[in-house]
1. Within the range 209-231, count every residue that is among the hydroxyl-bearing types (Ser, Thr, Tyr) and surrounded by 20 or more Cβ atoms within 10 Å (Cβ to Cβ).
2. Kindly provide the set of residues from the range 162-189 that are assigned to a loop (DSSP other than H, G, I, E, B) and more than 10 Å from the ligand (Cβ to nearest atom), ordered by number.
3. Name the pairs whose Cβ atoms lie under 8 Å apart, with the first residue in the range 188-212 and without any contact (Cβ under 8 Å) to a residue 60 or more places away in the chain, the second open to solvent by less than 10 Å² (accessible area, probe 1.4 Å) and assigned to a helix (DSSP H, G or I), and 6 or more positions between them or separate chains?
4. What tally of residues in the range 82-91 results from selecting those that are among the hydrophobic types (A, V, I, L, M, F, W, C), under 21 Å from Leu344 (Cβ atoms) and surrounded by 23 or more Cβ atoms within 10 Å (Cβ to Cβ)?
5. Condition first: aromatic (Phe, Trp, Tyr) and either open to solvent by 40 Å² or more (accessible area, probe 1.4 Å) or over 21 Å from Phe185 (Cα atoms) (or both). Now tell me which residues in the range 240-266 satisfy that.
6. Assuming Ala141 fulfils every condition listed in (1) part of a loop (DSSP other than H, G, I, E, B); (2) aliphatic (A, V, I, L, M); (3) over 23 Å from Arg342 (Cα atoms); (4) within 16 Å of the ligand (Cβ to nearest atom) apart from one, which condition is it?
7. Being within 30 Å of Glu25 (Cβ to Cβ) and over 23 Å from the mean Cα position of the chain (by Cα) is the requirement here; does Asp251 meet it?
8. Hey, could you check the range 149-161 for residues that are more than 16 Å from the ligand (Cβ to nearest atom) and part of a loop (DSSP other than H, G, I, E, B) and say which is nearest to Ile85 (Cα to Cα)?
Amino acid sequence: MNTNKNIPFFDYPYLFKSEENELLEIITNVARRGAFIAQKELDDFEKNLASYLNVGFAVGVGNATDGLELALRAGSIEQDDEVIICSHTMLATAVAVHFAGAIAVPIDSGVNHLMDPDKIESAITGKTKAIFPTQINGCTAEMDAILFIAEKHNLLVFEDAAQALGAKMNGQYAGTFGAASAISFYPAKVMGCLGDGGAVITDDAAIYDKLVMLRDFGRNTNGDVGMWGRNTRLDNIQAAILDYRLGNYKDVIKRRREIAGIYNERLSHVKKLVLPRPPGDKKYFDVYQNYEIEADNRDELKQYLEKNGVGTLIQWDGIAIHQYKQLGFTQNLPFTDKLFERLLMLPMNMNITNEELDYVCGIIESFYSKIK
Ligand SMILES: *Cc1c(COP(=O)(O)O)cnc(C)c1O
């Protein structure tokens, strides 16, 4: 096919160029005052984020991986506790469990690519302390079922909500279901900053007090040291940028859901694909961090799209957590193994146009029209 289309999977310079003047003004304003660490902008952003999520507290941290570790530690995860995670997640989820001193136990993901509640109970042992689902792709897992199992077995619940700012189940925000969670502001995330950044979310005042200490050398707001702590703070410049972006965030969600709707409508007749939950779902309000499909002949489709100027991505380089044998995982999860041979993410970002979406869908249709 002869085309000069170039539709990248993600366009990093766009994150700055699309609002260069506004961002330069924010950065200049903070930098001229020398307000680099833990200043008013961080305070404001934490308050606004907590209020957006209808939750007690948000604590800015250096990145979501640190945030998840702090959430687990502040939420009383201890040495050698077992924490059940979904195998379809970023390595970060397991890394956080590991550096909190505990053991990550991956289980299968379900048909929604989210933790499968039916696979939890068989993974529970005498050492299990918590269930830690990932709200993957900007979708919320079946938190009602997960909370029910947690209560039955007296387990804590934490969420990896790195990808899911603004997603909801039955009107409640992802990241607010358990003891604590973390959200990522990595540039390519639904709400990205211009570098690394994250926030821990909790409704529990005792957990909040510990989080504040854990991110700042164990010091509380009076400067008194109460415990061993790390240094992982959200930069004030990033907080200022994020506070500005939070103000426009509902437009971002609206557009992402619109794109998902276009893909769903255009591709639902392609029998060789399995598409994400549609934006019209009654129970779940998804924000589509990613538009992750399952595809027959996945690798050929990826190549064909590439040849026609369309960038796609296989999440986590195609490796599920339990497949990292070099990190000591021994679980056998055949459903996830199969699933990971079929997953592919289509372009889902704020600068793709409807005309480009139409083109991407046309290429996919043409690929499958040639395949029996
Ligand atoms: C991006 C991501 C993280 C890590 O976030 P950082 O801010 O880069 O540390 C953790 N979990 C999931 C599911 C992610 O997508």
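1. Result for the range 209-231: 0.
2. Residues of the range 162-189 that are assigned to a loop (DSSP other than H, G, I, E, B), as a first pass: 162-167, 170-171, 174-179, 185-189.
Correct list: Leu165, Gly166, Ala167, Asn170, Gly171, Ala174, Gly175, Thr176, Phe177, Gly178, Ala179.
3. From the range 188-212, the pairs are Cys193/Ile241; Cys193/Leu242.
4. First pass over the range 82-91, keeping only residues among the hydrophobic types (A, V, I, L, M, F, W, C): 83-86, 90-91.
When the remaining residues are screened for being under 21 Å from Leu344 (Cβ atoms), the result is 86, 90-91.
Then keep just the ones that are surrounded by 23 or more Cβ atoms within 10 Å (Cβ to Cβ); that gives 86.
Total meeting the criteria: 1.
5. Tyr244, Tyr263
6. Only one criterion is unmet by Ala141, namely (3).
7. no
8. Among residues in the range 149-161 that are more than 16 Å from the ligand (Cβ to nearest atom) and part of a loop (DSSP other than H, G, I, E, B), the one nearest to Ile85 (Cα to Cα) is Leu155.
The values are calculated or read from the model by the stated rules, or taken from the named source; none is laboratory data. Treat the numbers as computed from the prediction; the structure is a model and nothing was measured. Using ideal geometry, Cβ is built from the backbone for each residue, glycine included, and neighbour counts are taken over all protein chains shown. Just so you know, the surface numbers come from the protein's heavy atoms only, side chains and all, with ligands and any DNA or RNA stripped out. Shrake-Rupley method; radii C 1.70, N 1.55, O 1.52, S 1.80 Å.
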